[in-house]
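Visitor: Let me begin by handing over the structure; questions about it come next.
The values are calculated or read from the model by the stated rules, or taken from the named source; none is laboratory data. All figures in this text were calculated on a predicted structure; none of them were measured in a lab. Every residue, glycine as well, gets a Cβ built from its backbone with ideal geometry; the counts of neighbours run over all protein chains shown.
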Amino acid sequence: MMVEIGVVAVLFSLVVKDGRTGIVEDATAVIAQVAGCVESLEAFRKVAGVRVLVDLVDLGTGASERSRENAASALLNLVMSGGESAVGDIAEVEIAEEVVRELAEKGSLRAKSKAGPLLKAMNSGRRDQWSSCPRMFEDLDSPAGAGDLKQPPSSAVSF
């Protein structure tokens, strides 16, 4: 629904044209959620969204840590929803593998948790590895994202 009403173009316009860090961070958080919609890949293509996200992932562009994390989440969600076509779109961006690899090595814990699987998908080109993923979206406001899951205390009783 959100893709159909044109939200993708508006969100990417905010990212590209509004230099305020908070706006870019919030817009990329929403983009990451929208990227999980099956119809998002075509909408991203219309606005060169994959290129914008790859540029945000690049540590050299000056994007905030949260924007980089959200961009990596968006690319990963896009791969999960768009499969090999999405992987192909990402691979078409010349610097994609290099910047995702750099993020996997030097990014925050949350960024690494997104960049690692994204890099694996880019290298394998297969979508089937996502079938065991328990949920597509994580809490984008969590500082460590999905990698921050905690074990129950040892005294916890499970039924």
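Visitor: Scan segment 93-116 for residues that are closer than 18 Å to Leu78 by Cα and of a type in the set (A, V, I, L, M, F, W, C) and jot them down.
Guide: Val93, Ile95, Ala96, Val99, Val100, Leu103, Ala104, Ala111, Ala115
Visitor: Okay, next question. Could you tell me which residue of segment 56-70 is surrounded by the most Cβ atoms within 10 Å (Cβ to Cβ), considering only residues that are under 15 Å from Glu98 (Cα atoms) and touching a residue at least 40 places away in the same chain (Cβ under 8 Å)?
Guide: Filtering segment 56-70 for residues that are under 15 Å from Glu98 (Cα atoms) and touching a residue at least 40 places away in the same chain (Cβ under 8 Å), the one surrounded by the most Cβ atoms within 10 Å (Cβ to Cβ) comes out as Val57.
To keep it simple, each residue is scored yes or no on (1) in a helix (DSSP H, G or I); (2) under 18 Å from Asp89 (Cα atoms).
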site: Ala9; (1), (2): yes, yes
site: Asp26; (1), (2): yes, no
site: Ala29; (1), (2): yes, no
site: Val38; (1), (2): no, yes
site: Leu53; (1), (2): yes, yes
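Visitor: For segment 11-24, name all the residues that are closer than 16 Å to Ala71 by Cβ and part of a helix (DSSP H, G or I).
Guide: The answer is Leu11, Phe12, Ser13, Leu14, Val15, Val16, Thr21, Gly22, Ile23, Val24.
Visitor: Here is a check on your reading of the model: is Glu69 charged (D, E, K, R) and farther than 19 Å from Ala121 by Cα?
Guide: It is false that Glu69 is charged (D, E, K, R) and farther than 19 Å from Ala121 by Cα.
Visitor: Got a number for residues in segment 40-62 being out of contact with any Asp or Glu (no Cβ under 6 Å at 6 or more places or on another chain) and either at pLDDT below 95 or hydroxyl-bearing (Ser, Thr, Tyr) (or both)?
Guide: The number of residues fulfilling the criteria is 3.
Visitor: Can you say whether Val47 is out of contact with any Leu (no Cβ under 8 Å at 6 or more places or on another chain), surrounded by 14 or more Cβ atoms within 10 Å (Cβ to Cβ) and more than 15 Å from Val79 (Cα to Cα), as far as the supplied structure shows?
Guide: Answer is yes for this residue.
Visitor: Sticking with this one: Can you name every residue in segment 55-64 that is farther than 13 Å from Val16 by Cβ and not in a helix (DSSP H, G or I)?
Guide: Selection gives Asp58, Gly62, Ser64.
Visitor: Scanning segment 30-40 for residues that are surrounded by fewer than 21 Cβ atoms within 10 Å (Cβ to Cβ) and in contact with a helix residue (DSSP H, G or I) (Cβ under 8 Å, 6 or more places away or on another chain), which turns out farthest from Lys120 (Cα to Cα)?
Guide: Selected residue: Val30.
Visitor: While we're here: Report, ordered by the first and then the second residue, all pairs with beta carbons closer than 8 Å, sequence separation of six or more or different chains, a first member in segment 13-34 that is more than 23 Å from Met1 (Cα to Cα), and a second member that is in a helix (DSSP H, G or I) and of a type in the set (Gly, Ala, Ser).
Guide: Between residues of segment 13-34 that are more than 23 Å from Met1 (Cα to Cα) and residues that are in a helix (DSSP H, G or I) and of a type in the set (Gly, Ala, Ser), the close pairs are Asp18/Ala27; Thr21/Ser67.
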